[in-house]
1. Please work out which residue is modelled with the lowest pLDDT, limiting yourself to the stretch A:129-150 and to residues that are in contact with a strand residue (DSSP E or B) (Cβ under 6 Å, 6 or more places away or on another chain) and either part of a strand (DSSP E or B) or farther than 20 Å from residue A:12 by Cα (or both).
2. Looking at (1) within 9 Å of another protein chain (Cβ to nearest Cβ); (2) in contact with a Phe, Trp or Tyr (Cβ under 6 Å, 6 or more places away or on another chain), find the lone condition where residue A:269 falls short.
3. Which of (1) at pLDDT below 95; (2) buried (at least 21 other Cβ atoms within 10 Å of the Cβ) does residue A:370 not meet, given it meets every other one?
4. I need a count of the residues in the stretch A:71-116 that are more than 17 Å from residue A:171 (Cβ to Cβ), in a loop (DSSP other than H, G, I, E, B) and free of Cβ contacts under 8 Å to residues at least 24 places away in the same chain.
5. If I ask for residues that are of a type in the set (S, T, N, Q) and closer than 26 Å to residue B:115 by Cα, which ones from the stretch B:37-80 would you list?
6. Exactly one of (1) within 7 Å of chain B (Cβ to nearest Cβ); (2) in contact with a Lys or Arg (Cβ under 9 Å, 6 or more places away or on another chain); (3) closer than 30 Å to residue B:240 by Cβ is unmet by residue A:220. Its number?
7. Taking the stretch B:24-43, which residues are buried (at least 23 other Cβ atoms within 10 Å of the Cβ), away from chain A (no Cβ under 14 Å) and in a helix (DSSP H, G or I)?
8. Among the residues of the stretch B:228-240, count how many are in contact with an Asp or Glu (Cβ under 7 Å, 6 or more places away or on another chain) and either facing chain A (nearest Cβ under 8 Å) or surrounded by 24 or more Cβ atoms within 10 Å (Cβ to Cβ) (or both).
2 protein chains.
Amino acid sequence: MENFTYYSPTRFLFGRGKEQDTGRCIGDFGGKKVLLHYGGGSVVESGLLERVRESIKAEGIECVELGGVKPNPRSGLVYEGIELCRREKIDFILALGGGSVIDSAKAIAAGAMYEGDFWDFYSGKSVVEKAIPLGTVLTIAAAGSESSSASVISLETGEGMVKRSTMSDALRPKFSIMNPELTFTLPPYQTASGIVDMMAHVMERYFTNTRGVGVTDRLCEGTMISIIEEAPKVMENPRDYEARANIMWAGTMAHNNICGVGRQQDWASHGLEHELSALYDCAHGAGLSVIFPAWMEHVMSHDVMRFAQFANRIFGCEMDFENPEVTAKRGIESLKSFWKSIGMPISFEEIGAKSEDIPLLLDMLDLENRNLGVFVELTREDCEAIYRIASR
Amino acid sequence: MENFTYYSPTRFLFGRGKEQDTGRCIGDFGGKKVLLHYGGGSVVESGLLERVRESIKAEGIECVELGGVKPNPRSGLVYEGIELCRREKIDFILALGGGSVIDSAKAIAAGAMYEGDFWDFYSGKSVVEKAIPLGTVLTIAAAGSESSSASVISLETGEGMVKRSTMSDALRPKFSIMNPELTFTLPPYQTASGIVDMMAHVMERYFTNTRGVGVTDRLCEGTMISIIEEAPKVMENPRDYEARANIMWAGTMAHNNICGVGRQQDWASHGLEHELSALYDCAHGAGLSVIFPAWMEHVMSHDVMRFAQFANRIFGCEMDFENPEVTAKRGIESLKSFWKSIGMPISFEEIGAKSEDIPLLLDMLDLENRNLGVFVELTREDCEAIYRIASR
């Protein structure tokens, strides 16, 4: 086990009706003038936006609004939000939505307290040291951004999107309000994308070269098994409160790093995926569903026993003691079957990706300027092979 | 799943050499004059106390010391600590030791900020609302007090000890420094007591009537399986860093409530045990090792399938689908075998408890003024039956 620091100070308010406490929570953290940041569509139509707005105003807190966040959130709105925060002297940001809204809010929160260009944090030029405090009301179980220190933003350039991430403890939400009922109306494809995303967050931590990490292995496995058990229930009955609640909390456990401390983590599949959603604007979870099994197939030989453990403990595949690679491969097939069973894609074709774009994707990865993967550090050839497997 | 709030803001610094950061951590949280609270013996002899003292002084932080904490920490030293904090205008408390030292530090931290008698918090007369901020350097993996909101103290009265607990977010440590190497010299019996204690913390949460808590079930199971896997390694080789590290982190996971959110918890076995350690001054873990299997045997019929799940998922007992109670009983036997295998007692006799004291123990439980158990709420007759099973 490696040395680590673990710090997760977010206050989680979980359960039915909890969004009514939004205003009070903002007040608890000293917010007097809040930026209410959201997407659009469902939060407006469902009346949730209005309820949250009322809860804030009921506490005598001033409220400025910025809607319009899109999936794979863009830099344009971030710049707008930063300007707005400065102009209006915002002292708290409330993100109402899923990971995209929260990530956009985090970028605004950091950018508004920084003299330079907020993109410096995402390009690796600078590190977030302070940010306007923020809270979340979560409406999509997926990204884990409600508890994480991370944010992913797409920079709009003349030549398309550049999707990059940053991390800082200053970006951790002060509080996150999680009412599983708010996810009842999420369409099946988005629900399933979220399920893949949270599973992928655990898997990026699970495939490690670090030894002596039994506790976190078991926590990873427990979280994944739960996701697999609960997923069919929410797909079949989107209003199953218990199943939605388990999926929602699993999404937080998957990314608050409880499953990742003291071990090397990989994150190559996320890197490979980001170029897919940057180029094709597909759902992040859908992109991961395509990339992860391809990555597994390509790197399996690096540590067959770890893949066998994955197969055996998570999918209950019987261990083939004479040929562990048979078990290992069964695990990958089981994962693909599971993802297919909830309507997720496992090939380029299904997300509108094209094999002829592979050279472009490889260029976008910008491997000259960064490393990709820790379990296996990927070369350009490795990345090409993985994209090829995914495009079969 | 029930509604819940989860809040665990402690900063954990985990790994080799981390105790060297003690002074810096205290400084980060604004400490200028610290009470260094500890037990004695090993922390002095090993030189750890001196190292920590130096780390504090190196940051220019004033340091007042109060040693002498005993296992099952007493009210006498707490009163002394409260006086000392007031007189010396202490603004931070550092607990250097295991759960007893940390619990004593928590009592002092709360008591020093309170006008009344600190025992009010433990007798249920008052609730802790503020406390001097505290940090810990952990030397025993067991109690989980390094991250929990709880503290247990024994009141010294003319007629023996009264052992009670209190809980408050104000008691959560600001930071906890956890170096597994500091547990290398822990004697086998204390190591094993700690293992039982942390397992019991998960089990108090595991046996619940709440349905729809799949994720926390799996996290409980993962934590318990890990403890069972790592325990023989630390018993065989006390200097096995990886095993000590897994046990240490499991102890934190067992009690930071990651395993307990959204569900009813029981805590009857802890209540039944507290009277044993109050009367016989046995190790808390040893008392739990005696009480828990007896409690399980007595309440098993309340939910046979949950006990079968415990047996099957944690100890790998094959499910007997025709007679689930066979599996359930096998789980209890497996637990007893495991505890015996690490040298822990499973009967009254082994801890010097006497069956003729049972009426006294029952009186000490003070059931007229409090409830015991949630999974099954215990009557005086239930408690008697459990003590009788343990004294067979």
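The values are calculated or read from the model by the stated rules, or taken from the named source; none is laboratory data. For clarity, every value in this text was computed on a predicted model and none was experimentally measured. Neighbour counts are summed over all protein chains in view; Cβ atoms, including those assigned to glycine, are modelled from backbone coordinates with ideal geometry.
1. Among residues in the stretch A:129-150 that are in contact with a strand residue (DSSP E or B) (Cβ under 6 Å, 6 or more places away or on another chain) and either part of a strand (DSSP E or B) or farther than 20 Å from residue A:12 by Cα (or both), the one modelled with the lowest pLDDT is A:150.
2. In the conditions (1) within 9 Å of another protein chain (Cβ to nearest Cβ); (2) in contact with a Phe, Trp or Tyr (Cβ under 6 Å, 6 or more places away or on another chain), residue A:269 misses (1) alone.
3. So the condition that residue A:370 fails would be (2).
4. 1
5. Of everything in the stretch B:37-80, those that are of a type in the set (S, T, N, Q) and closer than 26 Å to residue B:115 by Cα turn out to be B:72, B:75.
6. (1)
7. Across the stretch B:24-43, the qualifying residue is only B:26.
8. Of the residues in that region, 1 qualify.
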